[in-house]
Amino acid sequence: MPRASIAFFLVADPDASINLIIRYCATHFYFTVTNLVMIEDLKKDLDKISNHEKAMTCKRFFKTGPGEYGEGDRFIGATMPEMRIIAKRYADMPIDQAMELLDSGVHEHRMTGLIMLVNKFLKSAGDRQRIYELYLSKTSRINNWDLVDVTCHHIVGKFLMDKDRSVLYKLARSKSLWERRIAIVSTYEFIRNGQFDDTIKISEILLDDKHDLIQKAAGWMLREVGKKDLGVLERFLDKHHKEMPRTMLRYSIERLPENKKRHYMG
């Protein structure tokens with residue numbers, strides 16, 4: 001309730017206003033407690049399907065050791081299909097509570113929260129700008145390549161389809177590994193709709209990027225461009241193949257004939 005409204009009711013009818021405030025506080029408390037319980041129930045459901053062996057495999061696969069890109073990330077061993085099922089089970093969880101899952105140190109909690117945000121974004125046009133803005137406010141918690149790849153093109157890419165895309169160029173120049181990956185992988189939505197310019201321009205920005213996760217992502221998106229329009233990919237390769245990081249180049253030419261692969265790798 002706005003403070004001005006409370007003040008008005010206190011002056012106009014003190015007894016009625018006190019009852020109104022009590023009902024408001026009780027309702028707010030109820031929904032707060034209910035949402036907290038919902039978050040804890042979701043975490044318990046994920047714990048029920050945890051798998052120690054899978055968790056240990058994920059720790060190695062997602063590079064969680066000292067000095068690695070996923071340092072300190074914790075896994076419980078839930079699979080993607082399992083997380084999608086649980087995300088649907090808690091589809092009524094408010095956006096703010098889904099966002100709270102991103103603050104968890106458990107990888108699967110963050111992934112489930114992000115899947116819920118994607119589902120809400122695709123379902124409700126009225127919430128799209130808010131979800132987009134919240135997503136970009138939490139890039140430090142979207143901090144492994146799977147978290148980025150499963151979600152960013154659905155939220156960032158789809159939101160920017162008919163809007164100014166300068167934010168992607170800012171992200172592409174970020175010091176954050178994950179923001180740079182969000183920048184290039186978000187263009188997947190554009191590629192699917194036959195728009196290649198941003199993928200090409202952002203890939204050019206990333207030509208000097210030293211991180212293999214960015215080289216792989218850029219190469220992957222270039223390969224997707226080639227699936228739609230081989231000429232666009234080959235023009236990029238003709239111009240840049242000698243300066244492209246080898247990982248980016250290898251990923252981009254995976255679907256080309258062997259003779260063209262040899263040409264560009266030579």
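The values are calculated or read from the model by the stated rules, or taken from the named source; none is laboratory data. On a predicted model such as this, the values are computed, not experimentally measured, just so you know. So basically every Cβ, Gly included, is an ideal-geometry build from the backbone, and we count neighbours across all protein chains shown.
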> Being of a type in the set (Gly, Ala, Ser), in a helix (DSSP H, G or I) and either within 18 Å of Thr112 (Cα to Cα) or under 15 Å from the mean Cα position of the chain (by Cα) (or both), is that true of even one residue in region 196-209?
Replying inline: no
> Quick one: is Gly219 touching a helix residue (DSSP H, G or I) at 6+ places or on another chain (Cβ under 6 Å), among the small types (Gly, Ala, Ser) and either assigned by TED's automatic domain parsing to the domain that holds Arg173 or surrounded by 14 or more Cβ atoms within 10 Å (Cβ to Cβ) (or both)?
Replying inline: yes
> Which condition breaks for Tyr90 when tested against (1) buried (at least 23 other Cβ atoms within 10 Å of the Cβ); (2) of a type outside the set (S, T, N, Q); (3) over 18 Å from Asn144 (Cβ atoms)?
Replying inline: (1)
> List the pairs whose first member sits in region 179-194 and is on the phi > 0 side of the Ramachandran plot, whose second member is in a helix (DSSP H, G or I), and whose Cβ atoms are under 7 Å apart, counting only residues at least 6 apart or on separate chains?
Replying inline: Gly194/Lys228
> Out of region 170-181, which residues are in a helix (DSSP H, G or I) and either among the small types (Gly, Ala, Ser) or surrounded by 14 or more Cβ atoms within 10 Å (Cβ to Cβ) (or both)?
Replying inline: Leu171, Ala172, Leu177, Trp178, Glu179, Arg180, Arg181
> What about Lys242, is it basic (Lys, Arg) and assigned to a helix (DSSP H, G or I)?
Replying inline: no
>> Here is a check on your reading of the model: is Glu71 acidic (Asp, Glu), within 18 Å of Ile182 (Cα to Cα) and not assigned by TED's automatic domain parsing to the domain that holds Ala172?
In response: no
> So is Ile184 more than 24 Å from Gly70 (Cβ to Cβ), of a type in the set (A, V, I, L, M) and crowded, with 17+ Cβ neighbours inside 10 Å or not?
Replying inline: no
>> Suppose the filter is assigned by TED's automatic domain parsing to the domain that holds Trp178 and either touching a Lys or Arg at 6+ places or on another chain (Cβ under 9 Å) or part of a loop (DSSP other than H, G, I, E, B) (or both); does Ile155 pass it?
In response: yes
>> Can you tell me how many residues within region 106-125 are surrounded by fewer than 18 Cβ atoms within 10 Å (Cβ to Cβ) and touching a helix residue (DSSP H, G or I) at 6+ places or on another chain (Cβ under 7 Å)?
In response: 2
> If you check every pair at least six apart or on different chains, which have Cβ atoms under 8 Å apart with a residue in region 84-99 that is among the aromatic types (Phe, Trp, Tyr) first and a residue that is surrounded by 17 or more Cβ atoms within 10 Å (Cβ to Cβ) second?
Replying inline: Tyr90/Leu42; Tyr90/Met116
> What is the residue count in region 83-105 for residues that are in contact with a helix residue (DSSP H, G or I) (Cβ under 8 Å, 6 or more places away or on another chain) and under 13 Å from Asp45 (Cβ atoms)?
Replying inline: 9
